[in-house]
Amino acid sequence: LSQELQRLLELPAETPDGVRIPLYTNAGLLSDLSHSLARGSEGIGLYRTEFPFMVRDSFPTEEEQFALYRQVLQAFHPRPVTLRTLDIGGDKALTYFPVQEENPYLGWRGIRISLDHPDIFLTQIRAMLRANAGLGNLQLLLPMISRVEDLDEAMVLIARACHELQDDDDAIRMPRLGVMIEVPAAVYQAEELARRAEFLCVGTNDLTQYLLAVDRNNERVAKWFDALHPAVIRALIQVVAASQRYGKPVSVCGEAAGDPAVALLLLGLGVESLSLSPSDLLRIKWVLRSFKRQQARELLSRALNLEQASAIRAMLVQVLVDAG
Ligand code: PEP
Ligand code: MG
């Protein structure tokens with residue numbers, strides 16, 4: 001780390017006008033945890049539980065999952081740890097659970113598999129709830145929600161697991177529950193989802209992919225994929241408004257949160273926290289410490305008058321360069 005970044009490590013993620021934006025990190029493998037701790041992460045904003053499932057050759061048992069989740073929760077305690085339930089399908093495959101589909105991104109993914117296989121889902125939920133006993137820093141996050149009934153059904157299963165466990169252990173608590181906003185339908189029902197859940201978390205990787213109809217991993221169409229597309233910005237405005245209406249915090253946990261130009265805009269939008277790759281954390285802290293919320297709001301207004309992602313990016317990059 002350069003001397004300047006080393007100095008940043010000690011300083012809070014706070015704008016010059018005193019707005020605190022907690023910076024959490026995304027993780028999946030145990031090595032992400034040590035990197036997160038080394039960069040001063042304020043918690044895990046997105047733990048992708050499918051990663052430990054992907055590096056094995058059979059489903060981990062409840063005990064194996066319990067041990068892993070306990071380790072993650074303990075490593076960050078008392079800081080929050082957001083464990084996302086299994087998000088396989090799409091580009092994330094398990095060799096021992098093959099899914100063959102023509103359009104995997106539009107197929108059996110995330111919460112859809114969990115709801116069709118309550119056995120897999122309940123095993124995971126039980127392991128998470130048990131791991132949280134006596135700690136209390138767990139937050140649960142549900143991926144690929146596209147209908148309110150996805151959330152309602154998942155909530156019934158989670159409450160059931162919680163009550164069953166509470167019969168034997170009174171240290172078991174119902175965790176805070178959040179919903180990923182990563183499918184366009186969830187943007188248009190963000191109010192209904194915000195009413196039910198305790199927090200929202202925008203996944204810009206999938207939201208951009210689905211809003212713009214651009215495969216997030218296809219190099220050939222990479223120039224069509226941009227989280228600064230005006231349509232994505234308008235979607236974000238709608239999600240923030242819905243969450244504020246119900247007093248529920250909203251964070252952004254897609255890769256875009258680690259992009260200085262996007263992070264600057266997210267500050268202006270009123271997003272409460274960011275979750276990013278540990279390697280982006282200090283750079284984004286620098287951005288937050290360099291701009292007042294009001295300046296970021298003005299940049300958002302300017303961005304809304306531009307019609308192209310490239311123009312929005314050029315404007316923001318110029319502002320960042322001028323700031324040093
Ligand atoms: C996203 O879609 O933006 C996200 C954070 O989840 P993942 O990248 O794991 O799909
Ligand atoms: Mg996603």
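Quick note: the coordinates plus some simple rules give every number you see, no bench work behind them. Treat the numbers as computed from the prediction; the structure is a model and nothing was measured. A quick note on method: Cβ atoms are made from the backbone with ideal geometry, for glycine too, and the neighbour counts reach across all protein chains shown.
Where does the chain land at 222 nm, in deg cm²/dmol rounded to the nearest 500, when only DSSP H runs of n ≥ 4 count, each adding -39500 (n - 2.57), divided by all residues?
-15000 deg cm²/dmol
Take the alpha-carbon centre of region 1-51, take the same for region 73-95, and report the distance between them in whole Å.
17
Taking Cα atoms of region 33-124, Rg/Rh with Kirkwood Rh, to two decimals?
Taking Rh as the inverse mean 1/r over Cα pairs, Rg/Rh reads 1.01.
Of the beta bridges DSSP finds with both residues in the chain, what % are antiparallel, to the nearest 5?
5
Between Leu9 and Leu29, what is the label-to-label distance in nm when each label sits 7 Å out along the Cα-to-Cβ direction?
2.2
Add +1 for every Lys or Arg and -1 for every Asp or Glu among the other residues with Cβ under 10 Å from the Cβ of Val148, and state the total.
Result for the local shell: -2.
Could you sort the peptides 151-160, 164-173, 232-241 by per-residue average Cβ neighbour count (10 Å cutoff), highest mean leading?
The packing order, highest mean first, is 232-241, 151-160, 164-173.
Would you work out which of Pro52, Ser310, Thr123 lies farthest towards the positive end of the dipole of the chain, given +1 charges on the beta-carbon of Lys and Arg and -1 on that of Asp and Glu, about the Cα centre?
Ser310
Obtain the nm distance between the two label points defined at Arg289 and Val148 by a simple spin-label model: each point lies 7 Å from its Cα along the Cα-to-C-beta direction.
With each label placed 7 Å out from Cα toward Cβ, I get 4.4 nm.
With the cut-off at 1.5 for a/c, could you classify the chain from its C-alpha gyration tensor as rounded, prolate or oblate?
Note, shape of the chain comes out prolate.
Two decimals, Cα atoms only, Kirkwood Rh: what is Rg/Rh over region 67-109?
Taking Rg over the Kirkwood Rh, I get 1.18.
What's the ranking of 297-309, 106-118, 34-46, 256-268 by average number of surrounding C-beta atoms within 10 Å, highest first?
256-268, 34-46, 106-118, 297-309
Straight-line reach from Lys223: which lysines have a Cα under 25 Å away, not including same-chain ones fewer than 8 places off?
Partners found: Lys92.
Net charge around Arg245, counting only other residues with Cβ within less than 15 Å of its Cβ (Lys, Arg = +1; Asp, Glu = -1)?
That sum, taken over residues with Cβ under 15 Å, equals -1.
Under 14 Å Cα-Cα from Lys248, which aspartates and glutamates qualify once same-chain neighbours fewer than 8 residues away are excluded?
Straight-distance partners of Lys248: Glu191, Glu192, Glu198, Glu272.
May I ask you to derive the relative contact order of region 189-263, considering only C-alpha pairs under 8 Å and at least 6 residues apart, and to give it as an integer percent?
45
What is the local net charge at Leu83, summed over the other residues whose Cβ is closer than 15 Å to its Cβ (Lys, Arg +1; Asp, Glu -1)?
+2
Mean separation of Cα pairs under 8 Å and 6+ residues apart, divided by the residue count of the chain: what relative contact order is that in percent?
Relative contact order, the chain: 19 percent.
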